[in-house]
Amino acid sequence: MPTSRLLDEPGMGRALQRMADEVIQRCGGGDPPLLVGIQRRGVYLADRLAALLGPRIGPVRLGKLDITLYRDDLQQIGPRPIVGETSLPPDINGQTCVIVDDVLYTGRTIRAALDEFADFGRPRRIMLAVLVDRGGRELPIQPEVVGMTVETGPHDRVDVAVRELDGFDAVDLVRGEG
């Protein structure tokens, strides 16, 4: 399958910087937002955004969500899904929260994240920040902060690598057959 590199390490750094700038602009002052990464790569991207935001707006609180048990296809995963850690501060009520993920496609992961978030409280506002928006929505979910947008087909795949897990930073588009 043909693969195209969409972002290398410097490009990913620039995309994250633009995302941090936009988070600041959209939050419009006040308390720093709570950044909540979706397991796995969204957690590392949230950490990096927090590092970029901190010097400009003060310490940024972090959380993480594992949406496995909130998926609408849980029956298809099998009898023993692997569940990661969910960790949110106890006081999310009235806060501005930013859900951070690596790739937005159908919107189903974000729907699951919103369902899980509701079990922990009622934030004042929830924003969505994604490194890559690849289109193809099946649900009415729209990100407010996007690192890059790429048009893809249903058989394509967008792979995000982060140095914390993969040893390098990159975003690749893998064109599928079809």
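The numbers here are math on the coordinates, done by the rules we state, and not lab data. Keep in mind the model is a prediction, meaning the values are calculated, not measured. Quick reminder, even Gly has a Cβ in these numbers, built from the backbone with ideal geometry, and neighbours come from all protein chains shown.
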Task: Karplus (6.51, -1.76, 1.60) ³J(HN,Hα), θ = phi - 60°, over region 12-21, in Hz, Gly and Pro reported as x - done: 5, x, 5, 4, 5, 5, 4, 5, 4, 4
TODO: Compare 163, 14, 41 in a GNM of the chain, Cα atoms joined below 10 Å, and give the one with the largest fluctuation.
DONE: 163
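Starting with the fewest neighbours, write out 116, 138 ranked by other beta-carbon atoms found within 10 Å of each beta-carbon.
Ascending Cβ contact count within 10 Å gives the list 138, 116.
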- [ ] Using a cut-off of 12 Å between beta-carbons, work out the net charge of the residues near residue 158 (Lys and Arg +1, Asp and Glu -1, residue 158 not included).
- [x] -2
TODO: Round to a whole angstrom and tell me the spacing of the C-alpha centers of region 1-62 and region 134-155.
DONE: 18 Å
TODO: Would you mind ranking 132, 174, 145, 98 by Cβ crowding within 10 Å, fewest neighbours first?
DONE: 174, 145, 132, 98
TODO: Sum -39500 (n - 2.57) across every DSSP H segment of at least 4 residues in the chain, then divide by the residue count to get the 222 nm mean residue ellipticity, nearest 500.
DONE: -9500 deg cm²/dmol
- [ ] Hey, can you grab everything whose amide H is under 5 Å from the amide H of residue 127? Only 5+ residues off in sequence or another chain; H modelled, so Pro and N-termini drop out.
- [x] 97, 98, 99
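Report the local net charge at residue 5: Lys and Arg +1, Asp and Glu -1, summed over other residues whose C-beta lies under 13 Å from its C-beta.
Charge balance near residue 5 sits at -4.
Among 122, 111, rank each residue by its count of other Cβ atoms within 10 Å, from fewest to most, as a rough exposure measure.
Details: 122 11, 111 18.
Going from sparsest to densest Cβ surroundings: 122, 111.
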